[in-house]
Amino acid sequence: MKNDNKLIAEFMGAKPLVLGGSTEYEMYGVLDCIEDGENEKHYFIDDEMRFHESWDWLMPVVHKIESDERYDVDILQYGTRILDNQKEIVNNIANISFDKKIDHTYQAVVEFIENLN
């Protein structure tokens, strides 16, 4: 999941910065839900990113995908699918064993971003 969180952070526009021996991701302006003060910059190492477990982190990613009128994200009870002009490009409904919506939504977002790259 660590690599997947980095993938999502970069999709959201975060800039990787190598500081000392680790890579941190600058999240300023990337996630509105992170507020330590006005005009603050936020830096996160891999283990601190919460796209995989927090709707506050994941939903801005879904909104970014849907901001492109070609794409639609359907978060359903037992899976998530992403459509490109009504054509399915991600569908994890039939082959998942997740019991939480955030898990299958996270996996669908990761698959979508990997397909874009």
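Taking 0.36 nm per residue of separation and subtracting the Cα-Cα distance, full extension of the segment from residue 101 to residue 47 would add 17.3 nm. The per residue volume of the convex hull around the alpha-carbon atoms of the stretch 44-117 is 99 Å³. When only Cα pairs below 8 angstrom with a gap of at least 6 residues are kept, the stretch 58-117 shows a relative contact order of 26 percent.
Computed from the coordinates by the stated procedures, all read-outs in this text should not be read as laboratory data. Just so you know, these numbers come straight off a predicted model, no measurement behind them.
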